[in-house]
Amino acid sequence: MDSALGRVRRVREAAEDRAGELASRYRRFSEPALRISVGVVFVWFGALKFLPGMSPAQDLAVRCMQVLSLGLVPADLTRPMLAVMEVGIGLLLIGGWWLRTVVAVFLVHMAGVFATLAIAPDAVWVDGSPLQLTLEGQYIVKNIVLVTAVLAVAAARLGARQHARPPAPVPAHISVPASVTPSVPTPVPASVPAPAPVPAPAPLPAAEHEPAAG
């Protein structure tokens, strides 16, 4: 029984070591893999908007774009504009170029996407229920995963650049002049033992008086 448990334990430890080794190898490629996968999704979904009737959410997207733009963007231009934006975001994510700009544009785009939940509730909620989504509503809510993924990519990339940046030099206007030396505390001398008392000199013997001659 003990030998069987020992074999099971060894197999489990070997599997955990192997999984840890694979995780360490994948960690080096996790940021590019996540960035490229999100980019592929955006290119794919954006390319569908170039073709009328191919994207299941294009009508809803055009409707909401009309509301957000206050009717200033013609409906005929809304669909190709969204297609160009999404394909551009996807290509730049795949290539890893202009990441800060791409993240900013991506977040603006996502803000418009999630605004659909309030602009067209009849199209995203079933009978007005906040717990039941239509197909278009599910199409919108799944973007939470994409937002989290892009923020993770941005944090990894920008954080790596911050750590790789050399420390900034000290400005000249706050340099310490050569004539000024930092104050160094004076060391406290060790306590010196008090000198031994000097013994008083012994008194001189009194002079003996000789008897006067008779």
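The values are calculated or read from the model by the stated rules, or taken from the named source; none is laboratory data. Fair warning: this is a prediction, and the values are worked out from it, not measured in the lab. Please note: Cβ atoms are built from the backbone with ideal geometry, for glycine as well, and neighbour counts cover all protein chains shown. Calculation scope for accessible area: heavy atoms of the full protein, side chains included, ligands and nucleic acids excluded. Shrake-Rupley method; radii C 1.70, N 1.55, O 1.52, S 1.80 Å.
If we sort 105-111, 95-101 on the protection proxy, mean other Cβ atoms within 10 Å, highest first, what's the order?
105-111, 95-101
Non-local amide H neighbours of Trp125 (under 5 Å, H modeled in plane, Pro and chain starts lacking H): which ones?
For Trp125, the qualifying residues are Thr134.
With each pseudo-label sitting 7 Å past Cα toward Cβ, what's the Ala111-Phe29 distance in nm, one decimal?
It works out to 3.7 nm between the two label points.
Ignoring everything but the protein chains, give the 1.4 Å probe accessible area of Leu77 in square angstrom, nearest 10.
Leu77 has an accessible surface of roughly 90 Å² with all protein chains in place.
Could you pull the Cα extents of region 1-148 along its three principal axes, largest to smallest, in whole Å?
The principal-axis extents, from largest down, are 76, 41, 25 Å.
Please turn the phi angles of region 76-81 into ³J(HN,Hα) values with the Karplus equation 6.51 cos²θ - 1.76 cosθ + 1.60 (θ = phi - 60°), one per residue in order, whole Hz, x for glycine and proline.
5, 9, 5, 4, x, 5
Normalised by the number of residues in region 45-139, what is the relative contact order in percent for Cα pairs under 8 Å and 6+ residues apart?
It comes to 27 percent, rounded to a whole number.
As an exercise, take the mean of 1/r over every pair of distinct alpha carbons in region 71-163, invert it, and state the Kirkwood radius in angstroms.
Evaluated over region 71-163, this radius sits at 15.0 Å.
Order of 40-51, 16-27 by packing, highest average Cβ count within 10 Å first?
Output ranking for 40-51, 16-27: 40-51, 16-27.
Local charge sum around Ala75 (other residues, Cβ-Cβ under 11 Å, Lys/Arg +1, Asp/Glu -1)?
0
How big is the dipole moment of region 1-137 about its Cα centre under a simple scheme where the beta carbon of each Lys and Arg is +1, that of each Asp and Glu is -1, and everything else is neutral? Debye, nearest 20, please.
640 debye
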